[in-house]
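The values are calculated or read from the model by the stated rules, or taken from the named source; none is laboratory data. What you are looking at is a predicted structure, and each value in this text was computed from that prediction instead of being measured. Cβ coordinates were reconstructed from backbone atoms using ideal geometry, including for glycine residues, and neighbour counts include every protein chain displayed. Areas reflect the complete protein model, heavy atoms only, side chains present, ligands, DNA and RNA absent. Shrake-Rupley method; radii C 1.70, N 1.55, O 1.52, S 1.80 Å.
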Amino acid sequence: MLNIDDPREIDKTPAIWRLGFRPFFLGGALLACLYIPLWLVTWYIPEFSLMRESFWVKVVPLWWHPHEMLFGFAMAIACGFLLTSVQTWTNQPSLKGWPLALTFACWLLARVLLLLPMDLPIWLPAIFDSLFLLLCAAKLWSCIYRVKQWRNIGFPIMLLLAALINLYSYYCLMQRDFISSNQLWQGMLWWLGVIITIVAGRVIPFFTAVKIQQPKPEPIKLLDFSLIGLMLLLIVQGVTKFLPIAVEQLLLAAAALLHLLRWLRWYPHKTLGEPMLWSLHLAYVCLPITLAALAYNIDNENAYRHLLHLFAIGTMAGLCLSMISRVSLGHTSRNIYQGPKMSWAFLSVALAAMFRALMPLWFPQHAELWLWLAGTCWSLGFGWFVFCYAPILLRPRVDGRPG
């Protein structure tokens, strides 16, 4: 089998293009800390915004914000993680060099083309966005197929599904069909919920057990498969709304209970002294809390819309920040538990989730204040990652190995 980590080979590739986590973690984090302030300024103080009226004629703000948070920020982190992990899973070389640069360029061009004030056709960024996802899916499929590692074959299939959903979101924008696009955003949140269900179920109990030096809880296959099935149903329900509300409420409640039971098996109470662990547990537990809150507020559209941000920020963004901090250290041969101090950044994103999802429901008279506080906490958290980790991501591994 090919040795992809041979220290005798001198890698002359620029460090940023040596493995997928490098450009996509840095690019995704930069987008995160810049786009939320840009969104808030454009929404509340448009006279100071970089985006003029000509931009909003083409790209409607209520479409741009969720699209870029999902397909710009979250998808960059997810693809960076998967392109890095697939090399470890399969011992097959992942994207590097010019193919990685090309894939990243597709992601970046889609972001830039959506911001340009000139009258460009919507299908242009749609093409680059689709190419980014399809190139990532193709590489995952290639690595997994070569070694017939069928347990991971769901990941390229999920990326292909995301590409199709993304294309349809652009079609909705062109048709000004914002009812359908709103349903797509909800479906994509649960798409991320499926990825989190699978990946977190593997890494969180493993990382925890190794650090606290206790046996890893054996996975309960029926529990795991049931959760994946429930989350897949929520994707379909989010996009199609074909099930009665009572059935959706039951799905949400059942998923909340099973996720909570699963999380309790992972020794969360023993992780409080280690930020690289409690940040993962804190982010994951926001998932069952969100699901339970959504089930309880199933008939309250305003509360439902706000509570989705508890998952989007608390779980999705919280796990992203924790994992990119950890992976960036591990894959550059640094000690995971002796890296930059990230505790306050993890807490900052958790506070952003509370300010965005809960405070507007409890104190709606100060809604704008809560959004600004949430945006500030969010940007500080991801901005701190960029400040601390950009030098790490832009330099070769400290042990001289490729990657």
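So which of Leu310, Leu294, Leu233, Leu261 ends up being of a type in the set (A, V, I, L, M, F, W, C), over 21 Å from the mean Cα position of the chain (by Cα) and modelled with pLDDT of 95 or more? Break it down into steps so the answer makes sense when it comes.
Numbers: Leu310 fails: over 21 Å from the mean Cα position of the chain (by Cα); Leu294 fails: over 21 Å from the mean Cα position of the chain (by Cα); Leu233 fails: over 21 Å from the mean Cα position of the chain (by Cα).
After applying the criteria, what remains is Leu261.
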### Message
I want to confirm something. Restricting to region 334-352 and keeping residues that are aromatic (Phe, Trp, Tyr) and over 21 Å from Trp263 (Cα atoms), which single residue is most open to solvent (accessible area, probe 1.4 Å)?
### Response
Trp344
### Task
Give His309, His331, His366 a once-over and let me know the one that is within 20 Å of Leu40 (Cα to Cα), surrounded by 15 or more Cβ atoms within 10 Å (Cβ to Cβ) and not hydrophobic (A, V, I, L, M, F, W, C).
His309
### Query
Out of (1) assigned to a loop (DSSP other than H, G, I, E, B); (2) among the aliphatic types (A, V, I, L, M); (3) without any contact (Cβ under 8 Å) to a residue 40 or more places away in the chain, the odd one out for Leu369 is which?
(1)
## Note on the structure
Filtering region 61-76 down to residues that are open to solvent by 30 Å² or more (accessible area, probe 1.4 Å) and either modelled with pLDDT under 85 or in contact with a strand residue (DSSP E or B) (Cβ under 8 Å, 6 or more places away or on another chain) (or both) yields Leu62
#### Entry: Residues within region 185-217 that are outside any helix (DSSP H, G or I) and touching a helix residue (DSSP H, G or I) at 6+ places or on another chain (Cβ under 9 Å), tallied
4
### Query
If Leu114 passes every condition in (1) in a helix (DSSP H, G or I); (2) aliphatic (A, V, I, L, M); (3) modelled with pLDDT under 95; (4) surrounded by fewer than 19 Cβ atoms within 10 Å (Cβ to Cβ) but one, which one does it miss?
(4)
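Looking only at region 165-173, decide whether some residue is touching a Gly at 6+ places or on another chain (Cβ under 8 Å) and within 26 Å of Leu82 (Cβ to Cβ). Step through it out loud before you land on a result.
Of region 165-173, the ones touching a Gly at 6+ places or on another chain (Cβ under 8 Å) are 165.
Next, only the ones that are within 26 Å of Leu82 (Cβ to Cβ) stay: 165.
For region 165-173, residues touching a Gly at 6+ places or on another chain (Cβ under 8 Å) and within 26 Å of Leu82 (Cβ to Cβ): present.
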### Query
Trp141: in contact with a Pro (Cβ under 8 Å, 6 or more places away or on another chain), open to solvent by 50 Å² or more (accessible area, probe 1.4 Å) and of a type outside the set (Val, Ile, Thr), yes or no?
yes
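Give region 377-403 a look and list any residue that's closer than 15 Å to Ser322 by Cβ and open to solvent by less than 20 Å² (accessible area, probe 1.4 Å), or say none.
At the first step, the residues of region 377-403 found to be closer than 15 Å to Ser322 by Cβ are 378, 381-382, 384-385, 388-389.
Scanning region 377-403 gives Trp378, Gly381, Phe382, Phe385, Tyr389.
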### Summary
Within region 216-254, restricting to residues that are closer than 18 Å to His281 by Cβ and of a type outside the set (Lys, Arg), the one that is most open to solvent (accessible area, probe 1.4 Å) is Pro219
### Task
Identify, from the list Ile195, Ile179, Ile165, Ile122, the residue that is farther than 16 Å from Gln92 by Cα, open to solvent by 60 Å² or more (accessible area, probe 1.4 Å) and of a type in the set (Val, Ile, Thr).
Ile179
### Query
Just for region 255-285: of the residues that are among the hydroxyl-bearing types (Ser, Thr, Tyr) and assigned to a helix (DSSP H, G or I), which one is nearest to Ala345 (Cα to Cα)?
Ser279
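Looking only at region 144-160, which residues are in a helix (DSSP H, G or I) and more than 24 Å from the chain's Cα centre (by Cα)? Break it down into steps so the answer makes sense when it comes.
Of all residues in region 144-160, those in a helix (DSSP H, G or I) come to 144-146, 150-152, 154-160.
Across region 144-160, the qualifying residues are Tyr145, Arg146.
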### Query
How many residues, within region 83-98, are farther than 14 Å from Phe24 by Cα and assigned to a helix (DSSP H, G or I)?
6
### Query
Given the residues Ala374, Ala292, Ala317, which is the only one that is surrounded by fewer than 21 Cβ atoms within 10 Å (Cβ to Cβ) and small (Gly, Ala, Ser)?
Ala292
### Scan of region 117-128 for residues that are without any contact (Cβ under 8 Å) to a residue 24 or more places away in the chain and either assigned to a helix (DSSP H, G or I) or within 21 Å of Leu30 (Cα to Cα) (or both), ordered by number
Leu124, Ile127, Phe128
### Message
Quick check on Cys79: is it in contact (Cβ under 8 Å) with a residue 40 or more places away in the chain and open to solvent by less than 40 Å² (accessible area, probe 1.4 Å)?
### Response
yes
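Residues are listed down the side, and each one gets a yes or a no for (1) small (Gly, Ala, Ser); (2) out of contact with any Cys (no Cβ under 8 Å at 6 or more places or on another chain):
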{"position": "Asp299", "(1), (2)": "no, yes"}
{"position": "Leu307", "(1), (2)": "no, yes"}
{"position": "Leu310", "(1), (2)": "no, no"}
{"position": "Met316", "(1), (2)": "no, yes"}
{"position": "Ser328", "(1), (2)": "yes, yes"}
{"position": "Gln338", "(1), (2)": "no, yes"}
